[in-house]
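The values are calculated or read from the model by the stated rules, or taken from the named source; none is laboratory data. All of these numbers come straight from a predicted model, not from anything done at the bench. Counting neighbours? That spans all protein chains shown, and the Cβs are built from the backbone with ideal geometry, glycine included. Calculation scope for accessible area: heavy atoms of the full protein, side chains included, ligands and nucleic acids excluded. Shrake-Rupley method; radii C 1.70, N 1.55, O 1.52, S 1.80 Å.
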Amino acid sequence: KGRVDVPGLDKPTGATGPTGQAGGPLAPPERAAGDKDAGRMLRLGSATTSNGNRVTLPVELDARGDEVAASFTLNYDPMKLRNPHVDLTAAAGGAVLTVNTDQPGKITVLVDSNNPLAKQLMSISFDVTETAASGETTVAFGSDPTPGSVSNAVGDSLAIRYTNGVITITGPNVAGVDISGRVMTPDGRGLR
């Protein structure tokens, strides 16, 4: 019911920061009401190519302006796509890129910056194998081994959506084609 002064102890004082004024707990960053992902999206582009060529997909960030780091895993079909290579765009100046392509069919990416990440963030290129079947193959965001994450300068995780990319392969290697029939001599007899 009162304060007791104990000899040898300092008198109690309020906790303060460098300004000398006490403050309450930090509030979480504001987000648009009812907008769970706040309009953020990390998107892979799409492309069309043929067997034996190199193909490049852009990686774009629809941002709110406070994103300074992103990490994610991309999954692809290693029977169709090989030799992945990831490059930051010129717009991403000052960002640091770390990539791991050691596991076939997976690319893990970390990009970190002191400034907001650029919309045109990076590009990912692949060699299309000579034997790749014609048709579409997906390059997809995954969560193993690195789950997708985007954060701001103080390390808060930011809600974001992801859009996969599609590579359309054209060429003579059509999947699912069967050839059947009989080979005949000019006089109509079947050959063995």
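Between Ser123, Ser50, Ser71, Ser113, which is over 16 Å from the mean Cα position of the chain (by Cα) and polar (S, T, N, Q)?
Ser50 is the lone residue from the list that is over 16 Å from the mean Cα position of the chain (by Cα) and polar (S, T, N, Q).
If we keep just the residues of the range 147-167 that are of a type in the set (Gly, Ala, Ser) and in a strand (DSSP E or B), which is nearest to Val59 (Cα to Cα)?
Checking each candidate, the answer is Gly165.
Each row is one residue, and each column tells you yes or no for (1) closer than 23 Å to Ser143 by Cα; (2) assigned to a loop (DSSP other than H, G, I, E, B); (3) open to solvent by 50 Å² or more (accessible area, probe 1.4 Å).
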site	(1), (2), (3)
Thr49	no, no, no
Val55	no, no, no
Glu60	yes, no, no
Gly65	no, yes, no
Phe72	yes, no, no
Met79	yes, yes, yes
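Residues that are open to solvent by 20 Å² or more (accessible area, probe 1.4 Å), within 10 Å of Phe72 (Cα to Cα) and of a type in the set (Ser, Thr, Tyr): which strands (runs of 3 or more DSSP E) entirely in the range 105-146 hold 1 or more of them?
The strands (runs of 3 or more DSSP E) meeting that bar are 106-112.
Filter the range 92-104 down to the residues that are more than 16 Å from Asp144 (Cβ to Cβ) and in a loop (DSSP other than H, G, I, E, B), then identify the one that is modelled with the lowest pLDDT.
Restricting to residues being more than 16 Å from Asp144 (Cβ to Cβ) and in a loop (DSSP other than H, G, I, E, B), the top hit is Gly93.
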